[in-house]
1. State all residues of region 85-99 that are open to solvent by less than 70 Å² (accessible area, probe 1.4 Å) and touching a helix residue (DSSP H, G or I) at 6+ places or on another chain (Cβ under 8 Å); if no residue qualifies, say none.
2. Examine region 37-49 for a residue that is charged (D, E, K, R), surrounded by fewer than 20 Cβ atoms within 10 Å (Cβ to Cβ) and at pLDDT 95 or above, and state whether such a residue exists.
3. Among strands (runs of 3 or more DSSP E) lying entirely in the chain, which contain 1 or more residues that are in contact (Cβ under 8 Å) with a residue 60 or more places away in the chain and not aromatic (Phe, Trp, Tyr)?
4. Go through Thr12, Thr16 for me and flag whichever is within 22 Å of Asp89 (Cα to Cα) and touching a strand residue (DSSP E or B) at 6+ places or on another chain (Cβ under 6 Å).
5. Got a number for residues in region 1-22 being of a type outside the set (Gly, Ala, Ser) and either open to solvent by 50 Å² or more (accessible area, probe 1.4 Å) or in contact with a Lys or Arg (Cβ under 8 Å, 6 or more places away or on another chain) (or both)?
6. Restricting to region 41-99, and then to whatever is closer than 20 Å to Lys3 by Cβ and among the hydroxyl-bearing types (Ser, Thr, Tyr), can you tell me which residue is nearest to the chain's Cα centre (by Cα)?
Amino acid sequence: MIKKKFLVCCGTGIATSVQVAAKLKEVMKERGIQALTAECKASEIASKVETSPPDVIVATAEVRVKPGGPRVFRGVPFLTGVGEEELADDIANYLKSGG
């Protein structure tokens, strides 16, 4: 199993990001990836990326990263269930292909 770092963020960094992180760990494990997660609010992205760069960011709020920074995936499907499997596959394929 490969280990990858995920930064999961939402508007406040409290409930939604924790819920998405738990789901992310589950769906990534099914795909052979151990998800090491950290949660934050959208306004903390820049400092978190600088101090502990993640492999990817999964966000339920609008976020911006510097060019060349980690890829951002919209995490809403992990809340609604709609498109969840496709998103999980996209993230896993990205990470396994060297992303």
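The values are calculated or read from the model by the stated rules, or taken from the named source; none is laboratory data. Just so you know, these numbers come straight off a predicted model, no measurement behind them. A quick note on method: Cβ atoms are made from the backbone with ideal geometry, for glycine too, and the neighbour counts reach across all protein chains shown. Ligands, DNA and RNA are excluded from the accessible area calculation, which covers all protein heavy atoms including side chains. Shrake-Rupley method; radii C 1.70, N 1.55, O 1.52, S 1.80 Å.
1. Leu87, Ala88, Ile91, Ala92
2. Looking through region 37-49, none of the residues is charged (D, E, K, R), surrounded by fewer than 20 Cβ atoms within 10 Å (Cβ to Cβ) and at pLDDT 95 or above.
3. Details: elements: 2-10, 33-41, 56-59, 71-74.
By residue number, 2-10, 33-41.
4. Details: Thr12 fails: within 22 Å of Asp89 (Cα to Cα).
Only one candidate passes the filter, namely Thr16.
5. In the first step, residues of region 1-22 are kept if they are of a type outside the set (Gly, Ala, Ser); the result is 1-10, 12, 14, 16, 18-20.
Next, only the ones that are either open to solvent by 50 Å² or more (accessible area, probe 1.4 Å) or in contact with a Lys or Arg (Cβ under 8 Å, 6 or more places away or on another chain) (or both) stay: 1-3, 5, 7, 9-10, 12, 14, 18-19.
Of the residues in that region, 11 qualify.
6. Ranking the qualifying residues of region 41-99, first place goes to Tyr94.
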